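S.K.: Pasting a structure here, questions to come.
The values are calculated or read from the model by the stated rules, or taken from the named source; none is laboratory data. Because the structure is predicted, anything quoted here is derived from the model rather than measured. Counting neighbours? That spans all protein chains shown, and the Cβs are built from the backbone with ideal geometry, glycine included. Just so you know, the surface numbers come from the protein's heavy atoms only, side chains and all, with ligands and any DNA or RNA stripped out. Shrake-Rupley method; radii C 1.70, N 1.55, O 1.52, S 1.80 Å.
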Amino acid sequence: MASRKETDVSDIEDGDDLEEEPGEVIDSAPPMKVGEERPLGRTGLAKKLLRRGRGWETPELGDEAAVHFVATLTDGTRFDSSRDRDEPLTLKLGQGQLVSGLDHGIITMKEGECALFTVPPELGYGAVGREGVPPNAAVRFEVELISWIRVVDICKDGGIVKKILVKGERNEQPSDLDEVLVKYRVALPDGTIIAEALEEGFEFYVKDGHLCPAFSKAVMTMKKGERVKLLIQPQYAFGDKKFGNSDQLHNVPPNSILDVDLELVSFKPVIDVTGDGKVLKKILKEGEGAFTANEGAAVTISYAARLEDGTVFEKKGLDGEQPLNFVTDEEQVIAGLDRASATMKKGELAMVTINHEYGFGSVEVEQDLAIVPPCSDLIYEVEMLDFIKERAPWEMNNSERIEEAGRKKEEGNLLFKAGKLQRAGKKYDKAADYVGEDGSFGDDEQKLVKALRVACWLNAAACSLKLNNFQEAIRLCSKVLDYEFYNVKALYRRAQAYMETADPVSAELDIRKALDIDPVNREVKMLERSLKQLQAESNRRDAKVYSNMFAWMTKDTSKSIKHLFCLLKWWSRSSTLPSIHFSLVI
């Protein structure tokens, strides 16, 4: 039996003066104290803490852990030790390379932690035992967790296995739109290098991929500064195809497994500003703080604007030019630049790619430095120098909120008259927000506030009708009618929306209510006539459909026809459907 060395885990300095990590929790129980022993679950496995570890992370099953251990029987007889060999043991946790119970103990440990585990026979060597361990014997393992490597099965099918060699910074990971800078080396299982990035690394957009499908999938799981080793199976590499003699790849046999060293040096987030891929903002330099310039903010920006071929057609705030000042969401600049600026933080530098639909459209435009041809896509390199956000309702007192609501309503009216319906609708929505129901307005203010809300909702409903957004028009008119059930204008506009959504019954009800309130209202009467015409046309179409249904029938089916005729007459009498008249000879 080997003699016990002076480097035993229990001989290492206790380190009990280390402070607990904030929020440290082990299995929802209080942190263990040095010298305390505690069962782990109900399996009979027990853990005694000999020295605290560092940090708060613990390994998981599947990870690779480097440990020193001393294994003994319960009477202290040693039967195995990595310290005697003066070499840590690397374990693939979950595979029971020593005993299965020990793996479940190690996953409770932190880096640098030392613990003594008592393993029952069923989690140890069982009824068979091993050399130095009798059958059905409990054993003890004194373990020091030196380090571990996180192992991730990226696709959950073993196709791309990632071992994290160096952890990354922060928690952000690239998305498929982002541009990443990576360093890599790709080798075959025999060590043959088939591809390698230059010293400065290689940039590519994640969605476009690079070399093989595994690169994009792996990069999206990584953090800035993270270094990993990838084991890539053929289905995520090059499959059964052969690659070779190109600038990037050399002599890759079919069905090759790839061994890849990969580092995510950095990445530039790309934001789809408009949600349709037509205005993309790539962040070149992060801005300050957490706030962005919102809609209605007064912003100051500098930029250089160019065509896709590199022709610069305008500069602001550069080379002696004054910066540009404008208010977002006021159509003072092209829509793409406007929308992108509203998403930027102070000090942010971004490259904004703008489709011509959000630029100058299909017309030729003469700018300061060059002519922009029709249907030109544009590239702006923009820096947000400063902005002043539009004041939110909660930042104002009641009189200021009422004044701002009135001002925005009037701005909406001007936009409506100019035919700018979407912007008008947004102005009305903002105006209504300033005098929302959450405000604690006094009794003397309630009448004015209520009138402002109703006017804004009705005007916004008018915008929605013209924009064919009929469900929104119905919603806004219904809000008005919750306040004023007798509001003829709300009933009239909601009836219009119901007619457009093929709901004549609801339209007729609203028209009747409106005429009960104002029997001589000319517009409502005209709408009633339009509804009757629609119902008459619908009846004629239905009658024609039914007559065509009967035309092919013969006298042999007269009984069935009579039955169907009775059924249809009953149907036509329904209060929810227009009446149908039949003239059949049986």
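S.K.: Quick query: amide H of Lys110 versus all other amide H atoms, modeled in the peptide plane; which residues come in under 5 Å with a sequence gap of 5 or more or a different chain?
M.R.: Those qualifying (amide H under 5 Å, at least 5 residues apart or on another chain) are Gly53.
S.K.: Additional query: Quick one: helix 398-417 against the long Cα principal axis of the chain, what's the angle to the nearest 10°, folded into 0 to 90?
M.R.: Taking Cα atoms only, the helix is inclined about 60 degrees.
S.K.: List the GluC sites (Glu not before Pro) in the range 487-527 that DSSP assigns to loop (not H, G, I, E or B) and whose Cβ has at most 14 other Cβ atoms within 10 Å. Which are they?
M.R.: Counting only loop positions with at most 14 other Cβ atoms within 10 Å, none of the GluC sites (Glu not before Pro) in the range 487-527 qualifies.
S.K.: Averaged over every viewing direction, what's the projected area of the C-alpha convex hull for the range 347-435? Give it in nm², one decimal, please.
M.R.: 8.2
S.K.: What do the square roots of 5 times the Cα gyration tensor eigenvalues come to for the range 232-340, in whole Å, largest first, as semi-axes of the equivalent ellipsoid?
M.R.: The answer is 44, 17, 14 Å, longest axis first.
S.K.: Here is a further query. Here is the link list: Lys408/Lys489; Lys223/Lys389; Lys408/Lys450; Lys450/Lys489; Lys224/Lys345; Lys315/Lys409. Which ones come out longer than 24 Å on Cα distance?
M.R.: Over 24 Å Cα-Cα: Lys223/Lys389; Lys315/Lys409.
S.K.: Check the straight Cα-Cα distances from Lys278 and name the lysines below 17 Å, setting aside those fewer than 8 residues away within the same chain.
M.R.: List returned: Lys207.
S.K.: Would you mind checking the pairs Lys281/Lys346; Lys217/Lys268; Lys426/Lys513; Lys163/Lys285 and listing those with alpha carbons more than 24 angstrom apart?
M.R.: Lys426/Lys513; Lys163/Lys285
S.K.: Looking at the chain, identify the longest residue range that excludes and avoids all trypsin sites (Lys or Arg not before Pro) in DSSP loops having at most 13 other Cβ atoms within 10 Å.
M.R.: For trypsin sites (Lys or Arg not before Pro) (loop position, at most 13 other Cβ atoms within 10 Å), the longest site-free span of the chain is 392-572.
S.K.: Right, something else. What full-extension length gain, to one decimal in nm, is calculated for Lys544 and Arg42 as 0.36 nm per residue of separation minus the Cα-Cα distance?
M.R.: That works out to 172.9 nm of additional length.
S.K.: Roughly to the nearest percent, how much of the accessible area of the range 19-159 is carbon and sulfur, given a 1.4 Å probe?
M.R.: 49
S.K.: Note the per residue figure in Å³ for the convex hull of the C-alpha positions in the chain.
M.R.: In the chain, the Cα hull volume divided by residue count equals 361 Å³.
S.K.: Normalising by the residue count of the chain, find the relative contact order in percent from Cα pairs under 8 Å and 6+ residues apart.
M.R.: RCO, the chain: 7 percent.
S.K.: Ok, one more. Helix 504-517 sits at what angle to the longest principal axis of the chain, using alpha carbons and giving 0 to 90 degrees rounded to 10?
M.R.: Taking Cα atoms only, the helix is inclined about 60 degrees.
S.K.: Would you compute, for the Cα atoms of the range 442-509, the largest minus smallest coordinate along each principal axis and list the three values in descending order, in whole Å?
M.R.: For the range 442-509, the Cα spread along each principal axis is 43, 24, 13 Å.
S.K.: If you put +1 on each Lys and Arg Cβ and -1 on each Asp and Glu Cβ, how big is the dipole of the range 321-387 around its Cα centre, in Debye rounded to 20?
M.R.: 240
S.K.: While we're looking at this one, here's another question. Between Arg522 and Glu199, what is 0.36 nm times their sequence separation minus the Cα-Cα distance? Round to one decimal in nm.
M.R.: Value of the extension gain: 108.4 nm.
S.K.: Calculate the tail of P(r) for the range 376-420: the fraction of all Cα-Cα distances greater than 14 Å, expressed in %.
M.R.: Pairs farther apart than 14 Å: 69 percent.
S.K.: What FRET efficiency, computed as 1/(1 + (r/R0)^6) with R0 = 41 Å and r the Cβ-Cβ distance, is obtained for Glu403 and Glu111, rounded to the nearest 0.05?
M.R.: 0.10
S.K.: Scan the range 169-217 for GluC sites (Glu not before Pro) in coil per DSSP, keeping those whose Cβ has at most 13 other Cβ atoms within 10 Å, and list them by number.
M.R.: The qualifying sites are Glu172, Glu199, Glu200.
S.K.: Arg150's amide H: which non-local residues (gap 5+, or another chain) put their own amide H closer than 5 Å, with H modeled 1.01 Å from N in plane and none for Pro or chain starts?
M.R.: Ile164
S.K.: Sticking with this one: In degrees from 0 to 90, rounded to the nearest 10, what is the angle of the helix 470-483 Cα long axis to the longest principal axis of the chain?
M.R.: 80
S.K.: Just for the Cα atoms in the range 326-480, what are the lengths along the principal axes, largest first, rounded to whole Å?
M.R.: The Cα atoms of the range 326-480 stretch 59, 37, 23 Å along their principal axes.
S.K.: Jot down the radius of gyration and Dmax of the range 394-493, Cα atoms only, both in angstrom.
M.R.: In order Rg, Dmax, the Cα atoms of the range 394-493 give 13.2, 38 Å.
S.K.: Here's another thing I want to ask about it. Between the range 416-492 and the range 44-84, what is the separation of their alpha carbon centroids in Å?
M.R.: 69
S.K.: Hand me the chymotrypsin sites (Phe, Trp or Tyr not before Pro) from the range 248-303 located in a DSSP loop with no more than 14 other Cβ atoms within 10 Å, in residue order please.
M.R.: Sites meeting the loop and neighbour criteria: Phe291.
S.K.: Based on the Cβ-Cβ distance of Glu445 and Tyr486, what FRET efficiency does E = 1/(1 + (r/R0)^6) give at R0 = 30 Å, to the nearest 0.05?
M.R.: 0.85
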